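Chemist: One structure, as structure tokens, below. Some questions next.
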């Protein structure tokens, strides 16, 4: 047994700014080689105090994202829009006009509000246009910009077909009105084909960063976001459509909620240390609220959603609120992880030690010689 802390770095200099900047380094090197004293080899019961993680001049190791809360709003609204397009396409093909109308209009409203949130975060509207000057497959932001540009017109055209009835009769029955009505179905089906990418690419956008909690969730986050989008859009369909038409919305909501909750649990287990911010502070409160609201909404949809319009609306609202809490909570947790050096230093050290173990035939390297 060594006297060093499990978090103590290997080979850290004992002098200079590094000794104070790296947790646990000063305590280990202070008495190294002595027979007595704290941390020395003569004291078998010596214990190094818990490491206090800090950095040079108190600055974070990783710079927190400059994004504001417009971004989680953009993530949530984009997911609702995408799921609503899928629901509307299915309703159109199965003869459910109220559910189709709800889905198409929800996709238009959700897309419009999400774009406004994105443009507000960008600062100037022309920046979105400037991103269309190139196509960069390795950039989630570039790919997402093009996906939104492809999805938006079709979702808007499908929603315009639902608004055709509000036009004056002369325009509604004219050539333009008839053309608008005839193009609604093809546009809605095309939007539905693109919709899954809209619901999932935002997870890639977050996880393709150096922010510890966001990055370490990269294997599971797309499935969590897709499930959350399905739950929210299904909940919105339950609110907007009568009970006898809302069967697909209930099934989508329940399936999405189960996918979200199951994969989110697996994600947190796989993340290890960087899952801590998901359970702490304001972010932890939002994540807990997300789980409770999503589970309650799914249970309500399963047990009461097919019997009562009021119960369906309440369950749908809970599912939408749970989806929103997930986006805002996960966003805040990532920002918190970037501000604390622990979530950058410890996982990096663990990865280095695992690599050393592999190179040494599976044996874990020790910081000091065996006693």
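The values are calculated or read from the model by the stated rules, or taken from the named source; none is laboratory data. These numbers were taken from a predicted model, which means no experiment stands behind them. When we count neighbours, we look across all protein chains shown, and the Cβ atoms used for this are built from the backbone with ideal geometry, even at glycine.
Chemist: Counting only residues that are surrounded by 14 or more Cβ atoms within 10 Å (Cβ to Cβ) and at pLDDT below 95, give me the helices (runs of 4 or more DSSP H) lying completely in the range 268-371 with at least 1 of them.
Modeler: Details: elements: 281-303, 309-339, 342-359.
Helices (runs of 4 or more DSSP H) meeting the threshold: 309-339, 342-359.
Chemist: Hey, does the range 149-165 have a residue that's under 27 Å from the mean Cα position of the chain (by Cα), under 19 Å from residue 201 (Cα atoms) and modelled with pLDDT under 90?
Modeler: For the range 149-165, residues under 27 Å from the mean Cα position of the chain (by Cα), under 19 Å from residue 201 (Cα atoms) and modelled with pLDDT under 90: present.
Chemist: Going by what's in this entry, would residue 253 be described as touching a residue at least 40 places away in the same chain (Cβ under 8 Å) and outside any helix (DSSP H, G or I)?
Modeler: On the way: touching a residue at least 40 places away in the same chain (Cβ under 8 Å): yes; outside any helix (DSSP H, G or I): no.
No; evaluated as a whole, the condition is false for this residue.
Chemist: Next question, about the same structure. Quick check: is even one residue across the range 204-219 modelled with pLDDT under 95, out of contact with any helix residue (DSSP H, G or I) (no Cβ under 9 Å at 6 or more places or on another chain) and part of a helix (DSSP H, G or I)?
Modeler: no
Chemist: Consider residue 138 carefully, then state whether it is loosely packed, with under 15 Cβ neighbours inside 10 Å, within 27 Å of the chain's Cα centre (by Cα) and within 23 Å of residue 80 (Cα to Cα).
Modeler: The answer is no for residue 138.
Chemist: Same structure again: Just one of the numbered conditions (1) modelled with pLDDT of 90 or more; (2) part of a helix (DSSP H, G or I) is not true of residue 176; which one?
Modeler: (1)
Chemist: Now for a separate question. State yes or no: is residue 277 more than 20 Å from residue 304 (Cα to Cα), free of Cβ contacts under 8 Å to residues at least 24 places away in the same chain and within 18 Å of the chain's Cα centre (by Cα)?
Modeler: So residue 277 does not fit the description; no.
Chemist: Among the numbered criteria (1) outside any helix (DSSP H, G or I); (2) buried (at least 17 other Cβ atoms within 10 Å of the Cβ), which one does residue 190 miss?
Modeler: Evaluating residue 190 over (1) outside any helix (DSSP H, G or I); (2) buried (at least 17 other Cβ atoms within 10 Å of the Cβ) leaves (1) as the failure.
Chemist: Could you say whether any residue in the range 225-241 is surrounded by fewer than 24 Cβ atoms within 10 Å (Cβ to Cβ), assigned to a loop (DSSP other than H, G, I, E, B) and touching a residue at least 40 places away in the same chain (Cβ under 8 Å)?
Modeler: No, there is no match, as no residue in the range 225-241 is surrounded by fewer than 24 Cβ atoms within 10 Å (Cβ to Cβ), assigned to a loop (DSSP other than H, G, I, E, B) and touching a residue at least 40 places away in the same chain (Cβ under 8 Å).
Chemist: Ok, one more. Does residue 123 fit the bill of being on the phi > 0 side of the Ramachandran plot and either under 22 Å from the mean Cα position of the chain (by Cα) or surrounded by fewer than 19 Cβ atoms within 10 Å (Cβ to Cβ) (or both)?
Modeler: yes
Chemist: Take residue 222 and tell me if it is closer than 29 Å to residue 141 by Cβ, without any contact (Cβ under 8 Å) to a residue 24 or more places away in the chain and in contact with a helix residue (DSSP H, G or I) (Cβ under 9 Å, 6 or more places away or on another chain). If you could, list the steps in order and put the result at the bottom.
Modeler: Details: closer than 29 Å to residue 141 by Cβ: yes; without any contact (Cβ under 8 Å) to a residue 24 or more places away in the chain: yes; in contact with a helix residue (DSSP H, G or I) (Cβ under 9 Å, 6 or more places away or on another chain): yes.
Yes; evaluated as a whole, the condition is true for this residue.
Chemist: Go through the range 185-214 and report how many residues are without any contact (Cβ under 8 Å) to a residue 40 or more places away in the chain and within 23 Å of residue 275 (Cβ to Cβ).
Modeler: Adding up the residues that qualify gives 3.
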